[in-house]
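Chemist: Sharing a structure with you now.
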Amino acid sequence: MMQEDTESIVRHRIRGLRLARGWTLDTLAARCHVSASTLSRIETGRQRLALEQLVAIAKALGTSLDQLVEPEGNDDVVIRPEPEVMGGTTFWLLSRERDRRGVTIAKMRITEERTLEGPQVHPGYEWFTVLTGVVRLQLGTRTIFVYPGQAVEFSTMVPHLLEAHQGPAELLTIFDQDGEQAHLPGRRRSPKK
C-alpha cells in the first residue's frame with residue numbers, strides 16, 4: 001500500500017471517529033489542543049500528517065495511535081464456514097478471531113437426535129436467536145419455547161439445555177470463551193499472534 005493510501009485511510013478514520021461522536025471540528029480541536037483549521041486541513045488532505053498531532057488526536061478520540069494508523073488489511077473479509085457435525089448438531093463458525101472481541105459467533109442446526117448428557121453450567125452469559133424451527137430451552141426448572149425471530153440471553157451459571165422441538169432448529173449464537181469450551185468441545189482455537 002502506498003503512503004498516500006495510508007494517509008487517506010487515517011484522514012477518513014479521524015473524520016469518521018469525530019463524526020461518530022457527534023463532535024464538531026472545534027470540539028475535537030479543544031480536546032487535542034490543535035486548531036480547528038489545522039484539523040480541517042488534516043481531514044481534507046491539505047496538510048501533511050505529523051506524528052505529534054496524530055498522537056494527540058488519537059488520545060482525544062479515545063483510540064490508540066496503532067489503531068488510527070493501522071494499514072488496511074489485505075486479508076479476505078469473507079468468512080467461508082465449513083459445517084462440522086457433532087451428535088445431532090451441525091455448527092458453522094462465523095467469526096474468525098475470538099481474541100479480538102472475546103466471543104465466538106456460530107450458526108447451529110440442532111436436531112432431535114442431538115445427544116447431550118444433561119443441562120450444563122459454566123461461567124458467563126449466552127445469547128442466541130432462532131432462525132428457523134423451535135428451540136426448547138431448559139433453564140433451571142423452567143422450560144421455555146423460543147420461536148423464530150425471538151432471542152434469549154441468560155446467565156450460564158443456571159443449568160441450561162437446548163433442544164430442537166418437533167423438528168430441526170437453526171439458531172445464531174454468541175459464545176464467550178467459557179461457552180465455546182462447553183458447547184463446542186474440541187473447537188478451542190488458539191488466539192492469533
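Chemist: Starting with the highest mean, order 48-54, 131-137 by the number of other Cβ atoms within 10 Å, averaged over the residues of each peptide.
Modeler: On the way: 48-54: 12.9, 131-137: 17.3.
By packing density, highest mean first, the sequence is 131-137, 48-54.
Chemist: If you average 1/r over all unlike Cα pairs in the range 105-146 and invert the result, what Kirkwood radius do you get in angstrom? Please report the intermediate quantities before stating the final value.
Modeler: Values: mean 1/r = 0.0819 Å⁻¹.
Mean inverse Cα-Cα distance, inverted, gives 12.2 Å.
Chemist: Could you pull the accessible area for Thr111 with a 1.4 Å probe, rounded to 10 Å²?
Modeler: Its accessible surface works out to 30 Å², give or take rounding.
Chemist: Here's another thing I want to ask about it. Above 20 angstrom, tally the Cα pairs of the range 28-93 and express them as a % of all pairs, no decimals. Don't skip to the end; give the middle numbers.
Modeler: On the way: 1084 of 2145 pairs.
The calculated P(r) of the range 28-93 puts 51 percent of pairs beyond 20 Å.
Chemist: Next up: In bins 5 Å wide, starting from 0, what share of all Cα pairs of the range 51-162 does each bin hold, as a percent?
Modeler: 2, 9, 13, 17, 17, 10, 8, 7, 8, 6, 3, 1, 0
Chemist: If a paramagnetic tag sat 7 Å from the Cα of Ser37 along the Cα-Cβ line, which residues of the range 43-73 would have the backbone N under 14 Å from that point?
Modeler: 47
Chemist: How would you order 36-45, 164-173 from highest to lowest mean count of nearby Cβ atoms within 10 Å?
Modeler: Numbers: 36-45: 15.8, 164-173: 18.0.
Top of the packing list down: 164-173, 36-45.
Chemist: Would you tally the net charge around Ala58, using a Cβ to Cβ cut-off of less than 15 Å, leaving Ala58 out, and scoring K and R as +1, D and E as -1? Could the numbers behind the result be given before it?
Modeler: On the way: positive: Arg11, Arg13, Arg15, Arg18, Arg21, Arg31, Lys59; negative: Glu7, Glu43, Glu52, Asp66, Glu70.
Residues close to Ala58 contribute a combined charge of +2.
Chemist: Round to the nearest 0.05 the FRET efficiency obtained for Glu84 and Arg142 when R0 = 25 Å and r is the Cβ-Cβ distance.
Modeler: On the way: r = 30 Å, r/R0 = 1.20.
My answer for the efficiency is 0.25.
The values are calculated or read from the model by the stated rules, or taken from the named source; none is laboratory data. Keep in mind it's a predicted model, so treat the numbers as computed, not measured. Positions of Cβ are backbone-derived with ideal geometry, glycine not excepted, and every protein chain shown enters the neighbour counts. Ligands, DNA and RNA are excluded from the accessible area calculation, which covers all protein heavy atoms including side chains. Shrake-Rupley method; radii C 1.70, N 1.55, O 1.52, S 1.80 Å.
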